[in-house]
Amino acid sequence: MQESSKGLLTAGFAFFLWGLFPLYFKAIASALPVEILCHRIVWSLLATVSLLFLSKKAGKLRKRLQNKKILLPYVLTSILISVNWLLYIWAVNNDFIVEASLGYYINPLINVVLGLVFLKERLRSGQWFSVFLAFTGVCYLTFFYGHFPWIAIVLAFSFGFYGLIRKVTPLPSLEGLCLETSMLAIPALGVLFYLISQGQSDFVHQDTAGRLLLAGSGIITSLPLLLFGFAAHRIPLATLGVVQYMTPTLQLIIGVLVYKEAFPEKQMIGFVLVWCGLLIYATEGIVMRIKQRKACLMKPEDQ
């Protein structure tokens, strides 16, 4: 399987898992959002360190970290992902799943712009048209949301810049995630001990099942981020951005159908525009791959 195909599959699976996150975080909604975030960080670190030792990559990571210049971009990504995580958890557990999904509709457009500006990626005419349709749909959704969607905007930009920096960082996805969480682990542990001292720790007061769910937040965080990091190094940022529409679509469905959040009929127009853009983008990509394969097969005959 080609690297681009592997990247596309792993990206799709990552965004599918992210789309199911509201169900998980609602199950641990009794905990403060900051406590959930800190558990995500601490247990993610334990999971990634374990994987590094099992795969015998810990030594290689130590050698690469001797170059201190590597650390700076991961300081930035750790800050961006922690902001994104905390706001998303708060939004889900305060019944803003629909607005959070709007943020992840906007985010792929941010990815496309960042790819064009910083990475000099280029779009074909069909891709431009699909992005225009998606952009129109997002604008329509934003207009009919009724107020400035600050949750959506912050989520979109924080994850957009996270994806951009991770695409150009030198470490593979597992090593990168381990480094990010290690930078956040000490502050996270400090917050957890503070909550315990104040009698506000949900982990202390929970039963075994509740504690396992809080601990499991690190694993369900690590897996899609590892897949995302793997995909980000193998497919264009613009393609990654469009595939990402799977996440907000699942979140929107969960918010409206499962948790009965408001979703006026007028917003469906924007939803349809976004999906038309996705369909055109995917179809155009398939057609181009077929043409490229045919061209490759014809070359030996011409020689």
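Computed from the coordinates by the stated procedures, all read-outs in this text should not be read as laboratory data. Since this is a predicted model, take the numbers as computed values, not measurements. Cβ: placed from backbone, ideal geometry, glycine included. Neighbour counts: every protein chain shown.
Here the translational diffusion coefficient of the chain follows from Stokes-Einstein with Rh set to the Kirkwood radius across Cα pairs; for 25 °C and 0.890 mPa s it amounts to 120 µm²/s.
Ignoring lysines fewer than eight residues from residue 57 along the same chain, the ones with Cα atoms less than 26 angstrom from its Cα are 6, 68, 69, 167. Size of region 64-172: Rg and Dmax of its alpha carbons, in Å, are 15.9, 51.
Hey, what did the chain get for relative contact order, percent, Cα under 8 Å, at least 6 apart?
Values: 387 pairs, mean separation 123.7, N = 303.
Relative contact order here is 41 percent.
Using a Förster distance of 45 angstrom, determine the FRET efficiency expected from the C-beta separation of residue 292 and residue 150, and round it to 0.05. Mind dumping the intermediate values first?
Numbers: r = 43 Å, r/R0 = 0.95.
Calculated value: 0.60.
Given DSSP loops and a limit of at most 14 other Cβ atoms within 10 Å, what is the longest stretch of the chain that contains no such trypsin sites (Lys or Arg not before Pro)? Don't jump to the answer; show the numbers that get you there.
Details: sites that count: 56, 120, 122, 124, 260, 266.
With trypsin sites (Lys or Arg not before Pro) excluded where exposed in loops, the chain gives 125-259 as its longest stretch.
A dipole drawn for the chain from +1 and -1 charges on Cβ atoms has a positive end, and of 108, 208, 198 the residue lying farthest that way is 108.
In nm, what is the difference between 0.36 nm times the number of residues separating residue 72 and residue 129 and their Cα-Cα distance?
Details: separation 57, 0.36 × 57 = 20.52 nm, distance 3.68 nm.
Gain on extension, residue 72 to residue 129, equals 16.8 nm.
By the helix-only formula, in which each DSSP H run with n ≥ 4 contributes -39500 (n - 2.57) and the sum is divided by residues, the chain has a 222 nm mean residue ellipticity of -26500 deg cm²/dmol.
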